[in-house]
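For reference, the structure is listed below as structure tokens.
The values are calculated or read from the model by the stated rules, or taken from the named source; none is laboratory data. Note that this is a predicted model, so its numbers are computed, not measured. Positions of Cβ are generated from backbone atoms using ideal geometry, with glycine treated the same way; all protein chains shown enter the neighbour counts.
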Amino acid sequence: MELFEKTLASRLVFDGKVVHLYVDEVELPDGGRSVREFVKHLGAVCVIPVTDDGDVILERQYRYAVGEVLVEIPAGKLDFPGEDMTEAVLRELREETGAVPSELTYLGVYYGSPAIMGEKIGMFMARGLSFGENDLDSDEFLEVFKMPLNEAVDAVMKGEIPDGKTQCAILRAAKLLDAI
């Protein structure tokens, strides 16, 4: 069975700095028509930094859209279309934590809300960390802290870390490192 939808018309409704809202008319697999509202986004990266002692570096950051301080792994948006995800993740890790890894492992792609948002997040694990100064963006405020990886896994399983990309990266890293 063919599952793809064909775009018949596309209209940009809002063109923001980070998100771009479209309303498209599509042809469905059965020939019918429907409307799709969705957000285009350049994409992002996230990284789970794992220290030699088996701790992960996490952040507490206020997220305006949900009105909460969330525990997350370092992450950030791509700066331009086609930006290399490896370069972006190295930049974000250094900016937010001051860490530079000797080893970077690709963990795959994460789609946070694929029904309405086209944001593709490249996930990585960083090891062999050396530390310097961080360099936060002027509108970025976070608290960086460490937690043993097994405790981070427990926090995910208890529902204490609601951020999806963070949950996914913690569990993937733990499985790769045979921590679960």
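This table checks each residue for (1) polar (S, T, N, Q); (2) over 19 Å from ALA169 (Cβ atoms); (3) surrounded by 16 or more Cβ atoms within 10 Å (Cβ to Cβ).
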residue: HIS20; (1), (2), (3): no, yes, yes
residue: GLU27; (1), (2), (3): no, yes, no
residue: LYS40; (1), (2), (3): no, yes, no
residue: VAL56; (1), (2), (3): no, no, yes
residue: VAL71; (1), (2), (3): no, no, yes
residue: PHE80; (1), (2), (3): no, yes, no
residue: LEU90; (1), (2), (3): no, no, yes
**Asked** Of PRO81, PRO101, which residue is assigned by TED's automatic domain parsing to the domain that holds ALA152 and under 23 Å from LEU176 (Cα atoms)?
**Response** PRO101
**Message:** What's the total number of residues in the stretch 57-71 that are within 16 Å of GLN167 (Cα to Cα) and over 16 Å from the mean Cα position of the chain (by Cα)?
**Reply:** 1
**Prompt:** So which residues in the stretch 115-136 are loosely packed, with under 15 Cβ neighbours inside 10 Å and under 20 Å from ARG172 (Cα atoms), if there are any at all?
**Reply:** GLY128
**Message:** Looking at the stretch 110-119, can you tell me whether even one residue there is without any contact (Cβ under 8 Å) to a residue 40 or more places away in the chain and in a helix (DSSP H, G or I)?
**Reply:** no
**Item:** Among residues of the stretch 88-109, those that are in contact (Cβ under 8 Å) with a residue 40 or more places away in the chain and either among the β-branched types (Val, Ile, Thr) or part of a loop (DSSP other than H, G, I, E, B) (or both), counted
**Value:** 3
**Message:** Tally up the residues in the stretch 163-179 that are in a helix (DSSP H, G or I) and touching a residue at least 40 places away in the same chain (Cβ under 8 Å), please.
**Reply:** 9
**Request:** Look through the stretch 137-157, keep the residues that are under 19 Å from the mean Cα position of the chain (by Cα) and within 30 Å of LEU21 (Cβ to Cβ), and return whichever of them is surrounded by the fewest Cβ atoms within 10 Å (Cβ to Cβ).
**Result:** ASP139
**Prompt:** Is there any pair linking a residue in the stretch 3-14 that is loosely packed, with under 11 Cβ neighbours inside 10 Å to one that is outside any strand (DSSP E or B) and aliphatic (A, V, I, L, M), with Cβ under 6 Å and at least six apart or on different chains, and which?
**Reply:** none
**Request:** Scan the stretch 91-129 for residues that are within 21 Å of GLU59 (Cβ to Cβ), among the aliphatic types (A, V, I, L, M) and touching a Phe, Trp or Tyr at 6+ places or on another chain (Cβ under 9 Å) and jot them down.
**Result:** LEU93, ALA99, VAL100, LEU104, LEU107, ILE121, MET123, MET125
**Fill in**
Across (1) within 26 Å of LEU21 (Cα to Cα); (2) part of a loop (DSSP other than H, G, I, E, B), ASN134 clears everything bar (1)
